[in-house]
Amino acid sequence: MASVTLENVVKQYGDVVAVNNVNLHFADQEFVALVGPSGCGKTTLLRMIAGLEEITSGTIKIGDRIVNDLPPKDRDIAMVFQNYALYPHMTIEDNMTFSLRIKGKKKSEIAGKVLQVAQILGIEHLLKRKPGELSGGQRQRVALGRAIMREPQVFLMDEPLSNLDAKLRVQMRVEITRLHQRLKRTIIYVTHDQIEAMTMADRIVVMKDGVIQQADTPLNIYKNPANKFVAGFIGSPPMNFLDGTLSEENGQLWFVGAGFRLPVSGAHRNALVSAGEKSVTLGIRPDAVLVGGEAFGADNGRLDAGVDIVELHGSDQLAYLEIADGIQITAKLLPTVQIKHGDKVTVNMDMLKAYYFSNSTEKALV
Ligand code: ATP
C-alpha cells in the first residue's frame, strides 16, 4: 500500500508560512497533479513528502507508516526534479543503474532493464554519454528514467517536462500516463501546465498561499470551481469576471453591472436568492460568449460591444470585447466568424453557464 497522507502539515521558513495546515490523502496508485501560482508551496509540499525538508508541524504517512523522522532513502519514493540532479561524472547508464547496483541487483537483470527503460524514453543512444553532453530535455528524460529504474512505491515529480520543447512535451505526457497505467504506482506531480494537469491526473489539487483551495477530479475542478481563485486559475483563456449587483424586476433576477445588465438563469435563481448576497462577481468562460450566431433562448444575455483586438489561434479566435466603458470580456469564437478591430457587434452569453461568487468570501454561490 502506497497511499500518502498529510495531516495538519505546516512548513514555516521564519515568518513565511509556505504550507499552511494541509490535510490531503493521495490514494494508492492515484495520479495527483499539484497546481498553483509560483510560490504557493507546491515544491515545499513535495520535498516534505520526500523527506528533503523537515516539517514544522503535522504528520506525514506513507501507507500506514508515519515517516516524519524517516530519512529520504527509507521512504520508498523517487523524486524527479526540475533540475535533474544527475551525477555529472557518471555515464547516463551508470546514473540510471546506480541505485540498483548499490542494492546488489544482478548485472544481467540491470542491463536488460536499463535498455527497456531507455527505449521507452527514447534515450538508448545516449547511455554511454555523460550528463554534460546532453541537452536539457535529454537530461530531463534521463532523470525520469533513473526514477523509473528504482520502481518506488511513490513517484514525486516536480515539473519533469518543463525543459522539453512543445512536441516532446506532448509525447512525454502520453509516455508518463502510459507508465502510470503500466507501473500502477502513486504519482504526485507538480506542474505549471494546466493541460498536463487536466489530461494526466486522476485528481488536481489547487493551492494558493500554502492553502489547498480545492482537490477534485479535473472535470469537477473545471465545471464546479469552489471559489473565484480556482475558477480563474483553471481554464485557458481564463474565465471572465464582472462586478455587479443582483436586482429583482418584474419577477426576473438581473445581474446589473456598470453600464450593462444580464438576466440570471432560472436554474441559478433560488441558490442566489437564498445566499442573500447583493453584491457578487459573475464569472463566464470565453466559450460561453458568442458573437453572432443563435441566441441562448430564455437564458440568453444580450449585450452590445465594441471589438478591441482579435487574435487568430488556428482552430479558434479570441476576441477582446468592450461591453461598457472600461469593461472588457474575452470571447472564444470559431475562426469563421468575421470580426475585426473597431466593429460594433451583438454578444450573446449563455447565462446557464454563468458562475456567481460571493464578494466577501469569494466562494462559489451556485
Ligand atoms: P514555483 O512554482 O515558483 O516553483 P512553488 O509553488 O513550488 O513555486 P515553493 O518553492 O514551495 O513554491 O515556495 C513556497 C514559499 O516558501 C515561497 O514563498 C518561497 O519563497 C518560500 N521558500 C521556499 N523555500 C524557502 C527557503 N529555503 N527559505 C525561505 N523561504 C523559502
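Please compare each pair in K73/K103; K42/K184; K73/K105; K228/K278 to a cut-off of 19 Å on the Cα-Cα distance and tell me which ones are over it. Mind dumping the intermediate values first?
On the way: K73/K103 12 Å; K42/K184 23 Å; K73/K105 17 Å; K228/K278 17 Å.
Violating the 19 Å limit, Cα to Cα: K42/K184.
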**Fill in**
Taking the alpha-carbon centre of each part, the distance from segment 53-101 to segment 254-303 in Å is 50
**Prompt:** At what distance in angstrom do the alpha carbon centres of segment 16-47 and segment 306-326 lie from each other?
**Reply:** 36
**Message:** If a paramagnetic tag sat 7 Å from the Cα of N21 along the Cα-Cβ line, which residues of segment 177-214 would have the backbone N under 18 Å from that point?
**Reply:** 207-214
**Fill in**
Put in order of increasing Cβ neighbours within 10 Å, starting from the fewest, I123, I221 give I123, I221
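What is the local net charge at V190, summed over the other residues whose Cβ is closer than 12 Å to its Cβ (Lys, Arg +1; Asp, Glu -1)?
Details: positive: K42, R47; negative: D158, E159, D193, E196.
Net of charged neighbours comes to -2.
Which shape class applies to segment 261-351: rounded if a/c is under 1.5, otherwise prolate when a/b exceeds b/c and oblate if not, where a ≥ b ≥ c are the square roots of the Cα gyration tensor eigenvalues? Don't skip to the answer; put the middle values down first.
Working: a/c = 2.32, a/b = 1.89, b/c = 1.23.
Note, shape of segment 261-351 comes out prolate.
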**Request:** Multiply the residue separation of V256 and K278 by 0.36 nm, subtract the distance between their alpha-carbon atoms, and state the gained length in nm to one decimal.
**Result:** 6.9 nm
**Message:** Given points 7 Å out from each Cα along the Cα-Cβ axis, report the H192 to Q328 separation in nanometres with one decimal.
**Reply:** 2.2
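If I take every Cα pair under 8 Å that is 6 or more residues apart in the chain, average their sequence separation and divide by the length, what percent do I get for the relative contact order?
On the way: 735 pairs, mean separation 54.9, N = 366.
In percent, rounded to a whole number, it is 15.
Is segment 73-167 rounded, prolate or oblate when judged by the Cα gyration tensor, a ≥ b ≥ c being the square roots of its eigenvalues, rounded requiring a/c under 1.5 and prolate requiring a/b larger than b/c? Could you put the intermediate results ahead of the total?
On the way: a/c = 1.66, a/b = 1.20, b/c = 1.38.
Since a/c reaches 1.5 but b/c is at least a/b, the shape of segment 73-167 is classed as oblate.
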**Asked** By counting other Cβ atoms within 10 Å of each Cβ, how are K103, K332, K42 ranked from fewest to most?
**Response** K103, K332, K42
**Request:** Mind computing the radius of gyration and Dmax over the alpha-carbon atoms of the chain? Å is fine for both.
**Result:** 24.8, 82
**Neighbour-count ranking [beta-carbon atoms within 10 angstrom, fewest first] of D243, D299, D325, D15** = D15, D325, D243, D299
**At least 18 Å along the helix axis (C-alpha) and Kyte average at least -1.0, DSSP helices within the chain** = 107-121, 136-150, 166-183
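Every number in this text was worked out from the coordinates using simple rules, so none of it is lab data. Only a predicted model underlies this, so the values are computations on that prediction, with no experimental measurement involved. Here the Cβ is made from the backbone with ideal geometry for all residues, glycine too, and neighbour counts use every protein chain on show.
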